[in-house]
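The values are calculated or read from the model by the stated rules, or taken from the named source; none is laboratory data. Bear in mind the structure is a predicted one, so any value in this text is a computation, not a measurement. We place every Cβ from the backbone using ideal geometry, glycine too, and count neighbours over all the protein chains shown. Side chains are part of the model used for accessible areas, which takes the heavy atoms of the whole protein and leaves out ligands, DNA and RNA. Shrake-Rupley method; radii C 1.70, N 1.55, O 1.52, S 1.80 Å.
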Amino acid sequence: MNQFFQDSQRHLAPYATQALETRGRLVQEPPSVSRTEFQRDRDRIIHSGAFRKLRNKTQVFIENEGDYYRTRLTHSLEVAQIARSISRALGLDEDLTEAIALAHDLGHTCFGHAGEEGLAEVMQPFGGFSHNEQTFRILTKLEHRYARFDGLNLTWETLEGVVKHNGPVQAPLSPTLAEFSKTYDLELESFAGPEAQVAALADDIAYNTHDIDDGHRAGFFRLGDLGELPLFGSALAEMQKLYPNADNERLMHEIVREVIGLMVADVLTATRTNLQKLQPKSAASIRHAAHAVVGFSPAMAQHVAVLRKFLWTRMYRHSKVNRICAKARYIVRDLFGFFMREPSCLPTGWFEMVDAVPEIPAKARIVADYIAGMTDRFAVQEHRRLFSTETMI
């Protein structure tokens, strides 16, 4: 590693994950002359096919509902921006934080959580399905871009961060993770490093704020309805006082900015308090702490719980969203059943993979991989092609 990289690491806190001390990759590769190992990880994620497809995958609203709502891609970018800001303020490795933030939702299916629910239902007899496991499958198996290995061959630290960004992983392990752990121990029983913990909190901040923004734009609630909510109520009053002539769209943007800032400031204060108590000498000290070190204060955690309840009742379970989600589950179940009965109708490469394995659960997993990788638009078009008699003429 050259002098430039050594100098770039000197500003990091002693408890940050050090790129110069990475545990490496499952398949060894020569180092880059222009990037740290974590920067390479981030770049591989950005250039992956799975990352590009997030552009047309649902966050809450199906893509064709409007082109201004968040998609899974814009959500991931917002998470990465917030995560980098927190990471920088805490003296952590921003590149590792960004890589984990950008990768954390790669495994989401078409139609977001509704698509995942539909796929989990039909995959229940064959080992189940979760977007977290699917993310890991993409990173370690399903990306076929490199000549020497499947997946992206990311560093130990990035893989560990993606797998454990929500905390230690408890048994029973998913089939993919159980198999991988036989050859590469990600120390699943401990917490993730500090950068992954930051990415997890940034995810909470991003979706709790931008879902309020998108819900308001969709007409699920009015600006005045936010008045009784923690954080948003005080921000609304402040922005109306500062900008009495601003229209609702501008006010909402200012409110969201304010609330993001309040949440970030809370994370920094609470985390610095935890760091002061723990006095960690390395990232390993944070991994083996008795609890997560990066987090909200108890008061902010309570505010976030109220926001989630509001979003659940006023947006996520709104009749309009329910109808869309029901259709999404229907489409996913139909596609899975069809391809399990008629695997020869899969694209040639996918059919060859299904045909090469004799076990039904293995066949089902391949079909699930194919469907999970679909964008919203492609899934709707594929369903129409397969089930509409008009396309036969």
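In whole percent, how big is the carbon plus sulfur part of the accessible area of the range 51-181, probe 1.4 Å, protein atoms only?
That share works out to 49 percent.
Of 57/327; 141/320; 141/363; 53/182; 141/164; 164/320, which pairs sit farther than 25 Å apart, going by alpha carbon to alpha carbon? Pairs exceeding the cut-off: 141/320; 53/182; 164/320.
Quick check on the range 18-93: take the gyration tensor over C-alpha atoms, sort the square-rooted eigenvalues as a ≥ b ≥ c, and tell me if it's rounded (a/c under 1.5), prolate or oblate. Let's see the in-between values first.
Working: a/c = 3.63, a/b = 1.78, b/c = 2.04.
Oblate.
Largest mean-square fluctuation among 283, 301, 235, in a Gaussian network model of the chain whose springs join Cα atoms under 10 Å apart, belongs to 301. Computed over the alpha-carbon atoms, the range 245-368 gives an Rg to Rh ratio of 1.21, Rh here being the Kirkwood radius from the mean inverse distance.
Every helix of 4 or more DSSP H residues in the chain counts as -39500 (n - 2.57), and over all residues that averages to -18500 deg cm²/dmol at 222 nm.
Basic side chains Lys and Arg get +1 at the Cβ, acidic Asp and Glu get -1 at the Cβ, and with that the dipole of the chain about its Cα centre reaches some 240 debye.
Per residue, how large is the accessible surface of the range 74-186? Use a 1.4 angstrom probe and give square angstrom. Intermediate values should be presented prior to the final figure.
On the way: 4020 Å² over 113 residues.
Ligands and nucleic acids excluded, the result is 36 Å² per residue.
Peptide packing: for 132-142, 117-127, 170-180, the average count of neighbouring Cβ atoms within 10 Å per residue gives the ranking 132-142, 117-127, 170-180, highest mean first. Rolling a 1.4 angstrom probe over the range 235-301 with all protein chains present gives an accessible area of which 54% lies on carbon and sulfur atoms.
Put the Cα centre of the range 107-185 next to the Cα centre of the range 282-355 and the gap is 13 Å. The alpha carbon radius of gyration of the range 11-150, expressed as a multiple of 2.2 N^0.38 Å, is 1.17. Highest average first, the peptides 317-326, 243-252, 332-341 ordered by how many other beta carbon atoms sit within 10 Å of their residues are 332-341, 317-326, 243-252.
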